[in-house]
Structure formats: structure tokens, C-alpha cells
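Data block below; observations after.
The values are calculated or read from the model by the stated rules, or taken from the named source; none is laboratory data. This is a predicted model, so every value here is computed, not measured. Counting neighbours? That spans all protein chains shown, and the Cβs are built from the backbone with ideal geometry, glycine included.
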Amino acid sequence: MKLIDLATRKDIADNATAFLEDLCDRLGFDYASYATVNPVTGDVQGYATYSEEWKQHYGRKGFHHFDPTLYQAAKSIAPVDWARFAQNEKFQIIFRDAADFGITDRGMTVPIRGPYGDCGLLNVTRDCDEDEWKQLAARVMGDLQVSAVNLHDTIMRSGTLSATLFHPNLSTRELEILKWAADGKSQHDIGDILSISHRTVEVHLRSARDKLGALTTTQAVGRAVGLGLILPG
């Protein structure tokens, strides 16, 4: 599982991070981020207004593997105040470090669900006391939810999400076996060519099918060709 900053992708809409920065200025938050979890690879992808130092630290520590503001909040259909995670050990681990980067644990996650089963998560934070936070949340909740939906829908319409969500990370061996399958070779043939057992070939094919969301090897080959992962046989 990887952590991917979509702002570094040249083909990604340039206005997403600017949208988050404007949202912070307009509604009174310190930081904001948008994330989605790739349903095929599990990669966490998105945009954030956090400092590069914190983003690198977050990825280096592997916080994206267990961050409750991603995985727990994604189970909700309503906005989730981070106060819910106050006793969560994983949340505490992340935000003990975050404090060193000037990031508070006072925040909220707004889940956004689209018509195709897609899900985005908008996170916002503000360093303030509990009373001020409650007043802020009550005052801007409507705008925050509308902004979350607008951002998610804009990314979906741009093709960004559909293009980046489905980017399976196949191993060299899986791609090699798919290439031979595309050439019409049987599992037995592929095993002989690569000097591995046909059982091992099947294990790699099953893994490739899972990563590509394919029911059959033929579908996996077709999808791999369509994504440009292998050349047609």
C-alpha cells in the first residue's frame, strides 16, 4: 500500500489544492485534505495543504496504513468529529507526532459517496479550544458538506479519480506471465518457459486477476493491455 500525493501528478487538475486552500481561508480552518482509498491496490491518494515535511513524515511512518480519520471515518455516512477518536491508540500515535508539525487533533472528516460506489474523505483541522470548535463546526457545517461534494464531483468529472483509482501495481513476474498468456501460451507452457511450476503460474495469475478486478485470465489480459501494462499478443 502506497501513499500518493496527487498534487505531484502532472495530469491532475491543478485547482484541487487551491480549492482546499480557499476552503480553509473561507471557512476558518488551518489545514484541509482530500483522500480516497484505491479499492484495488489499497493505495491512499489525495491532496493536502499540510507542509511537505509532515506529508513525508506521515508516509515514512506508514500512518496511512491505520489512520482512523481515513478508515474509521469512511464507514460513516455523516461527518465525523475527531473527538470520537480521542481514546483511539492509533489516533493518538499519529497526532502525538502531528503536534510537532503544528497540526492539532481538533478536526473533522466529511465522507462523500458518489453514484458509482466511489468514496472521498474531506478532512479539516483548526487549533482552538472545544467551545470555539463547536461554534465553528455548527456555523460552517452546511458549507463544508457542499464544498466536499463539489470537490469530489469535480475530481470525478475530470477523470482524475477514475484514472488514478485503477492503477494496479502488478509485479514483474505477474506482468511477464500475463504477457505470455496474451501470446496464447497455456499455464503449462508458461511454466516451462519460465522454469517454474504450473502451480506457481496459477498463483501469479490469481494475484494478477485480483489486482485487475478480473474474473478470468482472459479478462485480466484484456484489462492489462487496455491499461498499457503489457503489449497485445
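Values for this structure:
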| quantity | calculated |
| --- | --- |
| Of all residues making up region 120-139, the number that are closer than 16 Å to Ala78 by Cβ and either buried (at least 18 other Cβ atoms within 10 Å of the Cβ) or within 26 Å of the chain's Cα centre (by Cα) (or both) | 6 |
| Residue match in region 79-88 (condition: surrounded by 15 or more Cβ atoms within 10 Å (Cβ to Cβ) and closer than 19 Å to Ala16 by Cα) | no |
| Single condition Phe91 does not satisfy, out of (1) buried (at least 19 other Cβ atoms within 10 Å of the Cβ); (2) modelled with pLDDT under 90 | (2) |
| Check on Asp210, surrounded by fewer than 16 Cβ atoms within 10 Å (Cβ to Cβ), more than 34 Å from the chain's Cα centre (by Cα) and assigned to a helix (DSSP H, G or I) | no |
| Unmet requirement for Val110, which otherwise passes all of (1) surrounded by fewer than 22 Cβ atoms within 10 Å (Cβ to Cβ); (2) assigned to a strand (DSSP E or B) | (1) |
